[in-house]
């Protein structure tokens, strides 16, 4: 076996960088969509809105019991066919790999984040709601200023763990022929026959990003420890 | 103006009228045909064994518990299911809880400012001035920037009193405000309440602090098993309770 030669990494840096940017932007978008949508899903269940709450429970149960890679396939192949039928002419309307990735990840993560938030909502002390009532705060103000901030603080370590998993899961987009960090590295590795170096380098990249995020969790925890201890 | 018995006629001085109120929790009747009238400026101490319905009664007055039958009229507004009525009553009724229920993610000042800004619609700076003024009054102005968890129990409860006062209520309800406190902190909270009473605030307090009852109460109302059994001036009630149940209760809490 040849000695390790990392010069390949330096040469192909721009390509790896663009892969990393794709992974990060997919993570960020799925986080944003997932958190906003997930919070809405959790609140709808929390308020037990008739019918809607049941539908959401079903949605969350289904999403959480099938692999993400399968959802990606479904979305990529089935949604164009459904759209084609809906449009009337019967021909599939392709939505493209990138859109598929962003939408699927957003919807998928929404199910996971909604469960985290739903549990968090249940953990808020009954007395907090009573204090809001006694002060005549509206339901909107109660949730916006009192309940959700506490839920997000309590749940932030779990939310960030889920986001780290999300970041690692973005590598699944290779099934859609999209080039994320892992995808870029794989292609370069095959091309140059430098598999070991490439996979070592991106392993380090994933490690650094994930553990840096974990550090953020620790810092957040410390910062809110005062407010959370009661 | 303590009264041994309460007449049924509505008089202009009455700020809280509870009439024939019934509250059930499933099969359990927490309040059974309770009638209580409170005059403006009057201080009432509600006492009784646990489960007697005293907390439920004051929680009905600001509609944290919804009564099943009877009428509750607060400052001329009857509590029905109308949200507007409920909120207008809640604006006039401050409440202090046994477990403080401060907002842990907000500073002491923010705890006091949120509702006046969001509900009363006053400006940030006015809310801050009001909050700091009332925090000074409960002798805790130095802690305005701290979070509740950084304060002692007694300090937290005084913040809770200030927070309720920031809404400028006409009536204050106290639900066992000193029961969750370490003994050495009871006094500072009671002193704050006595001060408030002396300023003429209308107060309904669920408490077993009989010293407090003696000092400020116009009337002591004794409840048992969901009914008002006895009401009298503190001296009369403590020295010569009329009912056996009140005697038994007093024996228990004094020993």
Please verify whether the range A:210-223 includes one or more residues that are crowded, with 17+ Cβ neighbours inside 10 Å and modelled with pLDDT of 90 or more.
no
Of the residues in the range B:100-135, how many are more than 16 Å from residue B:148 (Cβ to Cβ), part of a helix (DSSP H, G or I) and free of Cβ contacts under 8 Å to residues at least 24 places away in the same chain?
9
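Conditions (1) without any contact (Cβ under 8 Å) to a residue 24 or more places away in the chain; (2) in contact with a strand residue (DSSP E or B) (Cβ under 6 Å, 6 or more places away or on another chain); (3) surrounded by fewer than 18 Cβ atoms within 10 Å (Cβ to Cβ); (4) within 14 Å of chain B (Cβ to nearest Cβ), marked per residue:
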residue	(1), (2), (3), (4)
A:138	yes, no, yes, yes
A:147	no, no, no, yes
A:151	no, no, no, yes
A:199	yes, no, yes, no
A:202	no, no, no, no
Please go through (1) at pLDDT below 95; (2) away from chain A (no Cβ under 12 Å) for residue B:149 and return the number of the only condition it doesn't satisfy.
(2)
The one condition in (1) surrounded by fewer than 19 Cβ atoms within 10 Å (Cβ to Cβ); (2) in contact with a strand residue (DSSP E or B) (Cβ under 8 Å, 6 or more places away or on another chain) that residue B:205 fails to fulfil
(1)
Within the range B:70-101, take every residue that is more than 12 Å from chain A (Cβ to nearest Cβ), buried (at least 16 other Cβ atoms within 10 Å of the Cβ) and at positive phi and give me the one that is modelled with the highest pLDDT.
B:70
For the range A:115-134, state whether one or more residues are within 12 Å of chain B (Cβ to nearest Cβ), without any contact (Cβ under 8 Å) to a residue 40 or more places away in the chain, in contact with a helix residue (DSSP H, G or I) (Cβ under 7 Å, 6 or more places away or on another chain) and part of a loop (DSSP other than H, G, I, E, B).
yes
With the structure loaded, tell me whether residue B:58 is surrounded by 18 or more Cβ atoms within 10 Å (Cβ to Cβ) and away from every other protein chain (no Cβ under 12 Å) or whether it fails that test.
no
Can you tell me which condition residue B:51 does not meet? The list is (1) facing chain A (nearest Cβ under 9 Å); (2) over 23 Å from residue B:200 (Cα atoms); (3) more than 16 Å from the chain's Cα centre (by Cα), and all the others hold.
(1)
Within the range B:162-184, work out how many residues are under 15 Å from the mean Cα position of the chain (by Cα) and without any contact (Cβ under 8 Å) to a residue 60 or more places away in the chain.
3
Exactly one of B:159, B:138 is over 20 Å from residue A:149 (Cα atoms), touching a residue at least 40 places away in the same chain (Cβ under 8 Å), buried (at least 22 other Cβ atoms within 10 Å of the Cβ) and within 12 Å of another protein chain (Cβ to nearest Cβ), and that one is B:159
Output the number of residues of the range B:102-121 satisfying the condition of being at the interface with chain A (Cβ under 7 Å from one of its Cβ atoms) and either closer than 13 Å to residue A:146 by Cα or buried (at least 19 other Cβ atoms within 10 Å of the Cβ) (or both).
6
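The values are calculated or read from the model by the stated rules, or taken from the named source; none is laboratory data. Bear in mind that the values here come from a model prediction, so they are computed numbers and not experimental data. Please note: Cβ atoms are built from the backbone with ideal geometry, for glycine as well, and neighbour counts cover all protein chains shown.
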